[in-house]
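K.L.:
Okay, here's the structure, questions in a sec.
The values are calculated or read from the model by the stated rules, or taken from the named source; none is laboratory data. Since this is a predicted model, take the numbers as computed values, not measurements. Here the Cβ positions follow ideal geometry from the backbone for every residue, glycine too, while neighbour counts run over all protein chains shown. Side chains included, ligands, DNA and RNA excluded: accessible areas come from the protein's heavy atoms. Shrake-Rupley method; radii C 1.70, N 1.55, O 1.52, S 1.80 Å.
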Amino acid sequence: MPHNHPVIAIDGPAASGKSTVGKLVARELDFLFFDTGALYRAVTLAALNRGIPIDDEAKICELAKQIHIDLIPSSQQDGRPYTVLVDGKDVTWDIRQEKVDAHVSTVSAYPGVREALKHQQRRIARQGRVVMAGRDIGTVVFPEAPLKVYLDASPEVRARRRCEELRARGEHADYEEILAGVRHRDAIDSSRATAPLRIAQDAVVINTDHLTIDEVVQEIIRLAKERQLVNA
Ligand code: DC
C-alpha cells in the first residue's frame, strides 16, 4: 500500500537542480512541490525591504516569527511553479534577486529563523503528498521521510546552470561572480552550527554533473515506486 502523506525529501547545495528536478517529479507523481528555500528567501527580502541590518540576528529572528508566508498554486503563466506571498504581497520573483542571494545564507544560519520556519514547513507538508526541496529536509525537518535524495554537482556546473537560468530571464549574469557566490554559500551552508548542509545517513546520493534533468527525474520516480510511495 502506498503511504498516505509521503514526503520525498530532496536536499543538496545551491543550484544543484533541486527545484527543476523536484518540480518535474512532483508533476509526474501528482505531488505538491514545496521549495523550502523560498521561505528563507522571503525572510531575507523582508529584512532588506524594511532596512533591518542583516547582522541584527535578534531583529531578523523576530521578523521570521512575525511575517506570514504563503505558498499558493500559481494562476500566472510566467514560468513560476507557485506564487509566494509575504503578508499578502506577491514576492515570487523578488526573492530570486541577486541581493537576496547575497544575504540568504547569513539569514538562514540564525537558529531562531530556522526554528520559526521549521514549524511552517511541517504544517505545509502535512497538507498532502509532497516533494520538498531544501538543505535539511531529510536530516531535520522530516527525518522520517520515506525517500531522501541528496542531489550533488560540482560548483562549476552549478554556477553555469545558475547563469543560464538568470540569462534566460533576461537578467545580467557574470559566471565568475556567480561561481564565487556559489562557493561562498556552500561554505556558510555547510559550516553553520544549526542544521548544516549534510547528507542524511539513509539518503540516496545522485551526482548530476553528467546526467540530464530527465535522467535524474526518472531515477527519483523509480526510487519512489520501489519504496511504494506511489503505485508502480
Ligand atoms: O535553494 P535556495 O538557493 O533557494 O536556498 C536559499 C538559501 O536558503 C540557501 O543559502 C540555504 C537556505 N536554505 C536552508 O538553509 N534550508 C532549507 N531547507 C532551504 C534553504
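K.L.:
For segment 67-90, state whether one or more residues are among the small types (Gly, Ala, Ser) and either under 21 Å from residue 192 (Cα atoms) or within 13 Å of the ligand (Cβ to nearest atom) (or both).
P.N.:
No, there is no match, as no residue in segment 67-90 is among the small types (Gly, Ala, Ser) and either under 21 Å from residue 192 (Cα atoms) or within 13 Å of the ligand (Cβ to nearest atom) (or both).
K.L.:
Looking at segment 160-180, I want the residues that are under 15 Å from residue 97 (Cβ atoms) and have a partner that is open to solvent by 90 Å² or more (accessible area, probe 1.4 Å) with Cβ atoms under 7 Å, at least 6 apart or on another chain. Which pairs are those?
P.N.:
Here the result reads 173/167, each pair linking segment 160-180 to a residue that is open to solvent by 90 Å² or more (accessible area, probe 1.4 Å).
K.L.:
Now, a different point. On the basis of being at pLDDT 90 or above and farther than 25 Å from residue 50 by Cα, does residue 153 make the cut?
P.N.:
Spelling it out, residue 153 is indeed at pLDDT 90 or above and farther than 25 Å from residue 50 by Cα.
K.L.:
Being out of contact with any Ser or Thr (no Cβ under 7 Å at 6 or more places or on another chain) and either free of Cβ contacts under 8 Å to residues at least 24 places away in the same chain or at positive phi (or both) is true for just one of 12, 22, 17. Which residue is that?
P.N.:
Going through 12, 22, 17 in turn, just one is out of contact with any Ser or Thr (no Cβ under 7 Å at 6 or more places or on another chain) and either free of Cβ contacts under 8 Å to residues at least 24 places away in the same chain or at positive phi (or both): 12.
K.L.:
Within segment 27-41, identify whether any single residue is more than 30 Å from residue 227 (Cα to Cα) and either acidic (Asp, Glu) or in contact with a helix residue (DSSP H, G or I) (Cβ under 6 Å, 6 or more places away or on another chain) (or both), and answer yes or no.
P.N.:
At the first step, the residues of segment 27-41 found to be more than 30 Å from residue 227 (Cα to Cα) are 40-41.
Now drop any that are not either acidic (Asp, Glu) or in contact with a helix residue (DSSP H, G or I) (Cβ under 6 Å, 6 or more places away or on another chain) (or both), which leaves 40-41.
Yes.
K.L.:
Looking only at residues that are touching a Leu at 6+ places or on another chain (Cβ under 7 Å) and within 15 Å of the ligand (Cβ to nearest atom) in segment 150-168, which one is least open to solvent (accessible area, probe 1.4 Å)?
P.N.:
Applying the filter and picking the extreme gives 159.
K.L.:
Now for a separate question. Can you tell me which of (1) in a helix (DSSP H, G or I); (2) buried (at least 22 other Cβ atoms within 10 Å of the Cβ) is the one residue 131 doesn't meet?
P.N.:
It fails just one condition, (1).
K.L.:
While we're looking at this one, here's another question. Show the residue pairs meeting these rules: Cβ distance below 8 Å; 6+ apart or different chains; first residue within segment 87-103 and touching a residue at least 12 places away in the same chain (Cβ under 8 Å); second residue basic (Lys, Arg).
P.N.:
Hits for this filter: 92/80; 93/80; 95/41; 96/41; 100/41; 101/185.
K.L.:
Suppose we keep only residues that are near the ligand (Cβ under 10 Å from one of its atoms) and polar (S, T, N, Q) within segment 103-146. Which one would you say is farthest from residue 180 (Cα to Cα)?
P.N.:
The residue in question is 121.
K.L.:
Using the structure shown, decide if residue 41 is closer than 30 Å to residue 214 by Cβ and within 13 Å of the ligand (Cβ to nearest atom).
P.N.:
Judged against the criteria, residue 41 is a match.
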